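Trainee: Can you read through this structure? Questions will come right after.
Computed from the coordinates by the stated procedures, all read-outs in this text should not be read as laboratory data. Quick caveat, the model's predicted, so the values are computed rather than measured. Every residue, glycine among them, receives a Cβ derived from its backbone with ideal geometry; neighbour counts consider all protein chains shown.
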Amino acid sequence: MTEPRAKSFNYAIGMFGTSIPINMLKTYAAIYYVDKLGVTTAQFALMLLIYTFIDALDNPVYGFLSDRTRTRWGRRRPWLVIGTPLLILTFVAFYSVPDFLAGNALFAYCMLFYILAGTLDSVINANYAALFPELFRDDASRAKTNAMRQAFQLVAMIISIALTPVVTQALGYSLTAIVYGMLGGVVILYMTFTSREADFSPEEEVPQLWQSLKDLFANRKFWIAGFANAFYSAAMALVLASLPFFVKYALNLSESQSTFLFAAVLLIAIACVAVWARLVRKFSLIPVWRAALIVLAIAFIPLYFTKTLAIAIIFAGLVGFGFAGVITTMDLIGAKIMDEDTQRHSVRREGIIANALGFMNRLSGLFTSAAFYLVFIIFGFESGLNPGPQPDLAARFLLTIFPPILMVISFAFSFFINFDQPVAAETVTE
């Protein structure tokens, strides 16, 4: 039998693998296609809008199919084994644009492979997330394992976000994507083959799609947590995408200098994950979650007034502190929703719920799309070839005005949810 520490490690390191490709994809898609290749901000906003609806529609289907899968290898493993190489191939293709593409053909290529890579990431992450409440049955083991996997995620973000400007400068985007893709894929497959799913019996009820959707639609906590997560995810997605613009246009530095700001956010976050996990154990989940949301909202504001890299690094550290709190608590909220669903309906459907929460998370694309479209309308920022008369204000808007507004909305949603039962649900088979 796997030792608890090894069990936590084997599962937690999977977050390193899943984070490597998707973080580079979503962080550098805009700066690569808009600033370097000439895709317009209006086209990029349209792509995000289309992607949001496609990804929202396919998420419940992925979860339903995963929960109904019955193989000798388990429910989640087949999806992870098949989905991982496909994700890597589409991710590499996204950053390996044929030289002859331009105009609408370039935009179509960008949209095709962004959507394919994004939807395959949904397959991977939904099955990975569904394993969490299944493998770890109490709040203590969940808090410990989640702190560990968030630390792995932050290490992955240092590589795939903070170091990427330096790496791409040396290797180019295509070769960087190949290296990151191979690294992420190997780690995902390691997690897949070393994490043992809970067994299911032949008599166990198989989830039904329409009944599951009906139960979810009636689940008030699902909607509240989903919207809170959607606004938070939109804020952070916008931060990742806009920070290179902020460095280039607001601070008047080279793109490679964004490494220092990303590193400040992520290194502080790594240092503070354990602090937030300790606070969860001491004060309980909900109040700590709310505190993390409002801290992150406030942390963006000083960056608006920043004009030097040194000061920006200090304030970026404050963002990292709040970010650590949200990632430490958000997944625990989702796990509790899955527990309550299992207790109430006596059927295991972690995949459907994880994907449904992922569907809510994908709504964040609506807000990031709106933000890029607004900088086009308000500031005239079209692309790196035509940045308009006020590119510095456009960059500050993307990084320091839109995200805190989204975080305040997320914070407001958190006051409409609570959990009466502190004990995690037992698995149906047990």
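Trainee: Can you give the FRET efficiency for residue 283 and residue 101, using 1/(1 + (r/R0)^6), R0 = 56 Å, r = Cβ-Cβ distance, to the nearest 0.05? Mind dumping the intermediate values first?
Mentor: Details: r = 53 Å, r/R0 = 0.95.
Plugging the Cβ-Cβ distance into 1/(1 + (r/R0)^6) gives 0.55.
Trainee: Where does the stretch 67-153 land on the Kirkwood hydrodynamic radius, alpha-carbon pairs, in angstrom? Provide the component values of the computation, followed by the final result.
Mentor: Working: mean 1/r = 0.0651 Å⁻¹.
Across the stretch 67-153, the inverse of the average 1/r is 15.4 Å.
Trainee: Now, a different point. In nm, give the distance between the simple-model label positions of residue 271 and residue 210, each being 7 Å from the Cα along the Cα-to-Cβ direction.
Mentor: So the two model labels end up 5.6 nm from each other.
Trainee: Roughly how big is the chain's charge dipole about its Cα centre, with Cβ charges of +1 (Lys, Arg) and -1 (Asp, Glu), in debye to the nearest 20? Walk me through the intermediate numbers first.
Mentor: Working: 30 positive and 27 negative charges, 118 e Å.
Once rounded to the nearest 20, the dipole reads 560 debye.
Trainee: Sticking with this structure for a sec: Hey, fewest Cβ within 10 Å first, where do 223, 73 land in order?
Mentor: Numbers: 223 17, 73 13.
The order, fewest Cβ neighbours first, is 73, 223.
Trainee: Using Cβ contacts closer than 10 Å as the measure, can you line up 79, 276 from fewest to most? Intermediate results must be reported in sequence, preceding the final value.
Mentor: Working: 79 22, 276 26.
Placing the least packed residue first, the sequence is 79, 276.
Trainee: So if I take the centroid of the Cα atoms in the stretch 110-182 and the same for the stretch 263-328, what is the distance between those two points in Å?
Mentor: 20 Å
Trainee: Okay, moving on. Taking each pair of distinct Cα atoms in the chain once, what is the resulting Kirkwood hydrodynamic radius in Å?
Mentor: Details: mean 1/r = 0.0461 Å⁻¹.
Kirkwood radius, the chain: 21.7 Å.
Trainee: Which residues in the stretch 41-71 have a backbone N closer than 18 Å to a point placed 7 Å from the Cα of residue 108 along the Cα-to-Cβ line?
Mentor: So the set is 43-44, 46-48, 50-51.
Trainee: Given 26/144; 26/282; 144/221; 26/214; 7/282; 7/221, which pairs have Cα atoms separated by over 26 Å? Show your work: numbers first, answer last.
Mentor: Numbers: 26/144 28 Å; 26/282 35 Å; 144/221 24 Å; 26/214 32 Å; 7/282 24 Å; 7/221 30 Å.
Where the Cα-Cα span goes over 26 Å, the pairs concerned are 26/144; 26/282; 26/214; 7/221.
Trainee: What full-extension length gain, to one decimal in nm, is calculated for residue 179 and residue 6 as 0.36 nm per residue of separation minus the Cα-Cα distance? Could the numbers behind the result be given before it?
Mentor: Numbers: separation 173, 0.36 × 173 = 62.28 nm, distance 2.68 nm.
Gain in length upon complete extension: 59.6 nm.
Trainee: Considering only 41, 90, 69, give the residue with the highest GNM mean-square fluctuation for the chain, with springs between Cα atoms whenever their separation is below 10 Å.
Mentor: Looking only at 41, 90, 69, the largest GNM fluctuation is found for 69.
Trainee: Which of the DSSP-defined H helices in the chain satisfy a minimum axial length of 30 Å, computed from C-alpha atoms, and a minimum mean Kyte-Doolittle hydropathy of 0.0? Please report the intermediate quantities before stating the final value.
Mentor: Details: long enough: 41-68 (41 Å, 0.68); 103-135 (48 Å, 1.04); 173-194 (32 Å, 1.52); 220-245 (38 Å, 1.08); 258-283 (36 Å, 1.82); 309-345 (54 Å, 0.94).
Correct list, ordered by number: 41-68, 103-135, 173-194, 220-245, 258-283, 309-345.
Trainee: I would also like to ask the following. Each label point is 7 Å from the Cα along the Cα-to-Cβ direction; what then is the distance between the points at residue 217 and residue 196, in nm?
Mentor: For the pair residue 217/residue 196, the computed spacing is 4.1 nm.
Trainee: If you rank 350, 340, 197 by fewest surrounding Cβ atoms within 10 Å, what's the result? Intermediate values should be presented prior to the final figure.
Mentor: Details: 350 29, 340 19, 197 15.
Ascending Cβ contact count within 10 Å gives the list 197, 340, 350.
Trainee: What number results when the radius of gyration of the stretch 13-52, computed over Cα atoms, is divided by 2.2 N^0.38 Å? Kindly include the intermediate steps, with their values, before the conclusion.
Mentor: Values: Rg = 12.3 Å, N = 40, 2.2 N^0.38 = 8.9 Å.
Against the empirical 2.2 N^0.38 Å value, I get 1.38 for the stretch 13-52.
Trainee: Still on this structure: Specify whether the C-alpha gyration tensor of the stretch 1-144 places it in the rounded, prolate or oblate class, a ≥ b ≥ c being the square roots of the eigenvalues: rounded for a/c under 1.5, otherwise prolate if a/b is larger than b/c and oblate if not.
Mentor: Verdict is prolate for the stretch 1-144.
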